Amino acid sequence: MPLHRRHVLKVIAGAAIIAANPVRAQQSAKAQRPWLAAGSFETEPRRLALSWAVLAPSPHNRQPWLVKMQGDDSLLLFCDLDRRLPVTDPFNRQITIGLGCFTELLVMAAAQQGLAANVVPFPEGEPHPQLDGRPVARISLSEGAAADPLFSAVLDRRSNKEPYDMTRRVTQDNLATLARSCANGTSLAGTVDQGEVEALRTETIAAMEIEMGTRETAMESVDLLRIGRAEVDARPDGVDLTGPQIEDLAARGILTRDAFRQEITQEGYGIKSLRAPDGNPLVSQMVDYAIRPMRATPAYIWQVSNGNTRADQLAAGRDWLRINLAATASGLAVHPQSQMLQEFDAMAPLFRKVRTMTGTEGSQTLQMLARLGYGPAVPPSPRWPAETRIVD
Ligand SMILES: Cc1cc2nc3c(=O)[nH]c(=O)nc-3n(C[C@H](O)[C@H](O)[C@H](O)COP(=O)(O)O)c2cc1C
């Protein structure tokens, strides 16, 4: 092993950089400002609603939304095509779900103002196999809507990626409460059976190893790393790593995107080299960091739609936001586990397996799979300010 790699291994082992929990505890205040600004400063109803909608979840926190105001009371929602995940989400299904989360939050924020939102999905037609420059939705506001009780959970909503409390049981009643929150035609099911949970956990871990052990898909995540506060502030999306140890290792040139890239492009890179004790120290730690919480999972939920049109995907996102809010309102944490649902070749066997395990049949589409349980409090994730998402 070359000397510098020995050194890296030693430093990393000592610092436990990524596996250490406080990665998110030291978030950048600037990148979190949209969470404070939501509902303030704006008086124009669409802009006010937008200030909330940017708090929606999205895959890899890509925030793929762009908004164009139309007339006095409408807006067009577009996908920022540069914010897609071409390797892990080749048909833009997950990105469309993120746009659906944004849509639902916008609708709810309008309802808070007494405004009903009429949503027309893909008003100029559905793009396939990828999204294109056509609008994802036209949303028009008019007088007359009641506030949605789930809205009160918006500021506390998270995708909680921490280990969950294994002494607290999730019940069938909890699952039923989340299932009732769906209002856009998708259905939610889940399991609290420990045998089934264990089986799903095993496969989600295997899927994570496939994603990170496949060069192209690993590289997509690495390209989206924001390492240290300055990077997160400059580009408040993607996969954020902050905290004193991160800053220190980044400053010393040890924890950099290039160091990750070097490991991934090495000859023989793959699941085997990730598992080898001195194989790929940085990427292995990233995988460990991702897998550790999976082991502390008392329940799983999954969301299914009847088909897989773009409108179905958008509706799935609208309902996912509602499920996430309903979980928050019940004191529960959720954490999407999308690896098995990714549509690249190496994942195909697990993609088929998880459909069987969740009873997804025929033209039904498994849109989301997530861990569910009681988790520790976590800070909000970075966001681009609302005004940066408006186009002329
Ligand atoms: C369609 C979709 C898929 C997602 N898949 C994953 C996933 O596989 N793993 C993960 O850790 N988070 C996943 N997330 C959660 C995002 O990472 C999260 O929404 C984003 O980082 C913003 O954080 P927040 O939800 O706490 O605001 C997913 C979110 C959406 C909407």
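Highlighted here are the helices (runs of 4 or more DSSP H) found entirely within segment 171-273 that include at least 3 residues which are under 19 Å from the mean Cα position of the chain (by Cα) and touching a residue at least 12 places away in the same chain (Cβ under 8 Å): 194-213, 215-223.
Those residues that are touching a Phe, Trp or Tyr at 6+ places or on another chain (Cβ under 9 Å), farther than 19 Å from P336 by Cα and not basic (K, R), I need them from segment 54-82; list them, please. Let's see the steps before the verdict.
Of the residues in segment 54-82, the ones touching a Phe, Trp or Tyr at 6+ places or on another chain (Cβ under 9 Å) are 54-58, 63-68, 77-80.
With the extra rule that they be farther than 19 Å from P336 by Cα, the set shrinks to 65-68, 77-80.
Residues satisfying the conditions are W65, L66, V67, L77, F78, C79, D80.
If you go through segment 31-41 and keep only what is surrounded by fewer than 17 Cβ atoms within 10 Å (Cβ to Cβ) and closer than 24 Å to S140 by Cβ, you end up with G39, F41. If I filter segment 129-161 down to residues being in a strand (DSSP E or B) and polar (S, T, N, Q), which single residue comes out as surrounded by the most Cβ atoms within 10 Å (Cβ to Cβ)? My answer is S140.
Taking the criterion of being more than 15 Å from the ligand (Cβ to nearest atom), assigned to a loop (DSSP other than H, G, I, E, B) and not small (G, A, S), the residues of segment 356-384 that qualify are T358, T360, E361, Q364, Y374. Those strands (runs of 3 or more DSSP E) of segment 47-128 in which at least 1 residues are touching a Gly at 6+ places or on another chain (Cβ under 6 Å), considering only elements entirely within it, cover 115-121. All of R275, R318, R322 fail the test of being at pLDDT below 95 and basic (K, R), apart from R275. Pairing each residue of segment 147-162 that is touching a residue at least 12 places away in the same chain (Cβ under 8 Å) and small (G, A, S) with any residue that is within 16 Å of the ligand (Cβ to nearest atom) and in a loop (DSSP other than H, G, I, E, B), provided the two are 6+ apart or on different chains, yields C-beta distances under 6 Å for S159/P57.
I'm trying to understand the selection: among the residues of segment 318-355, which are small (G, A, S), surrounded by fewer than 21 Cβ atoms within 10 Å (Cβ to Cβ) and assigned to a helix (DSSP H, G or I)?
Keep residues of segment 318-355 that are small (G, A, S), which gives 326-327, 329-331, 333, 338, 346, 348.
When the remaining residues are screened for being surrounded by fewer than 21 Cβ atoms within 10 Å (Cβ to Cβ), the result is 329-331, 346, 348.
Matches in segment 318-355: A329, A346, A348.
Selection of segment 244-258 for residues being small (G, A, S) and surrounded by fewer than 19 Cβ atoms within 10 Å (Cβ to Cβ) yields A251, G253.
The values are calculated or read from the model by the stated rules, or taken from the named source; none is laboratory data. A quick note: this is a predicted structure, and the numbers were derived from the prediction, not measured. Using ideal geometry, Cβ is built from the backbone for each residue, glycine included, and neighbour counts are taken over all protein chains shown.
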